[in-house]
Amino acid sequence: MPASPSPVATPAAASSAAASPAPLAVEIGGVHLALGRGAAAVDVLRGVDLAVAPGETVGIVGPSGSGKSTLLMVIGGLERPDRGTVRVAGQDLTGLDEDALARFRGRHVGIVFQSFHLIPTMTALENVAVPLELAGRADAFARAEAELAAVGLSGRLNHLPKEMSGGEQQRVAIARALAPEPALIIADEPTGNLDAATGAAIVDLMFRAQAERGTTLVLVTHDAALAARCGRTVRVRSGVIEPEAPARVAAS
Ligand SMILES: Nc1ncnc2c1ncn2[C@@H]1O[C@H](COP(=O)(O)OP(=O)(O)O)[C@@H](O)[C@H]1O
Ligand SMILES: [Mg+2]
């Protein structure tokens, strides 16, 4: 940027320059993605734009099969778009190779799935600690223990997933997602396999962590109560995000 010709640098100009560069938590533009091969290929995402500010909570809703999970996977760097841009915390994910993408996810993105996705042969403590160890954290086990305590599982450290209830397994998954202190948490129907009361407790945990840490939370849900707790909801239909404002006229 060229230097200002003005001899006087005002404090207002200086402070606005210092405050401006915080990148969006998520910035997706013109994302297209087809899944499946040949005649079975499906255009799952058909031009998705989405911007999420740091600390925002966004609920992604829409009919089954509309592309919600696929969109979340693109945001989390688990699926690569065929075209379009994907930036998370200012990092362009489309420019990263698989190793760099895995490292980026490990540090910056926490992921919670409907079906928990815990490693069945590992204890609760190991499920949370091992990803931290792989990320080079010397305090992996101490940190994992603290995260499990924070979700109320101090009494289950050495239990295997099959020895825990669904709600307890999801608590482990949340502890695992939060442990690396990611800036972004993505969750795909995190209460989908839980009864209403257990699901509500899981939601409380996620939102408490979000509020305490200022984490950005993007979640897919069919649960109207969960969607209502998000600061904003976006509706996906047939691979595109439906415009919010009725005044916006479709271009094609
Ligand atoms: N690996 C795949 N191969 C082919 N089609 C797929 C694949 N994964 C998802 N799809 C299709 O993409 C569409 C959107 O899937 P998904 O993102 O899971 O939707 P949602 O989460 O909204 O239910 C569905 O029609 C689904 O059948
Ligand atoms: Mg889905």
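Miscellaneous remarks
- Pick from segment 32-80, criterion part of a helix (DSSP H, G or I) and farther than 20 Å from ALA224 by Cα, ranking: nearest to ligand 1 (Cβ to nearest atom): THR70
- Among the residues of segment 77-126, just one is within 28 Å of LEU194 (Cα to Cα) and without any contact (Cβ under 8 Å) to a residue 24 or more places away in the chain, namely GLU126.
Each row is one residue, and each column tells you yes or no for (1) at pLDDT 95 or above; (2) of a type in the set (Phe, Trp, Tyr); (3) within 22 Å of the chain's Cα centre (by Cα).
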{"position": "HIS108", "(1), (2), (3)": "no, no, yes"}
{"position": "PHE113", "(1), (2), (3)": "no, yes, yes"}
{"position": "ALA124", "(1), (2), (3)": "yes, no, yes"}
{"position": "PRO131", "(1), (2), (3)": "no, no, yes"}
{"position": "ARG137", "(1), (2), (3)": "no, no, yes"}
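- From the list GLY67, GLY90, GLY62, the one residue that fits, being at positive phi and touching a Leu at 6+ places or on another chain (Cβ under 7 Å), is GLY67.
- Single unsatisfied condition, VAL88 versus (1) under 26 Å from ARG232 (Cα atoms); (2) away from ligand 1 (no atom under 13 Å from the Cβ); (3) surrounded by fewer than 21 Cβ atoms within 10 Å (Cβ to Cβ): (3)
- Number of residues in segment 177-209 that are part of a helix (DSSP H, G or I) and either crowded, with 21+ Cβ neighbours inside 10 Å or not acidic (Asp, Glu) (or both) equals 15.
- Selection from segment 222-239 of residues that are within 16 Å of ligand 2 (Cβ to nearest atom) and either farther than 20 Å from PHE113 by Cβ or at pLDDT 95 or above (or both): THR233, VAL234, ARG235, VAL236, ARG237, SER238, GLY239
- Number of residues in segment 97-129 that are surrounded by 14 or more Cβ atoms within 10 Å (Cβ to Cβ), touching a helix residue (DSSP H, G or I) at 6+ places or on another chain (Cβ under 6 Å) and either of a type in the set (S, T, N, Q) or farther than 18 Å from VAL218 by Cβ (or both): the value is 7.
- Qualifying residue in segment 83-92 (condition: hydroxyl-bearing (Ser, Thr, Tyr) and assigned to a strand (DSSP E or B)): yes
- Residue within segment 155-176 that is more than 28 Å from GLY62 (Cα to Cα), within 15 Å of the chain's Cα centre (by Cα) and either crowded, with 17+ Cβ neighbours inside 10 Å or among the polar types (S, T, N, Q) (or both) present: no
- For segment 151-176, taking the residues that are of a type in the set (A, V, I, L, M, F, W, C) and in a helix (DSSP H, G or I), the one that is nearest to ALA124 (Cα to Cα) is identified as VAL172.
- Restricting attention to segment 183-193, the residues that are within 16 Å of ligand 2 (Cβ to nearest atom) and in contact with a Gly (Cβ under 7 Å, 6 or more places away or on another chain) add up to 3.
- Pairs meeting the criteria (first residue in segment 63-76 and farther than 18 Å from ALA53 by Cβ and near ligand 2 (Cβ under 9 Å from one of its atoms), second residue β-branched (Val, Ile, Thr) and at pLDDT 95 or above, beta carbons under 6 Å, at least 6 apart or on different chains) are SER66/VAL236; GLY67/VAL44; GLY67/VAL236; LYS68/ILE60; LYS68/VAL220; LYS68/VAL236; THR70/VAL44.
The values are calculated or read from the model by the stated rules, or taken from the named source; none is laboratory data. The shown structure was predicted, so the numbers you read here are calculated from the model rather than taken from an experiment. Glycine gets a Cβ as well: all are built from the backbone with ideal geometry, and neighbour counts include every protein chain shown.
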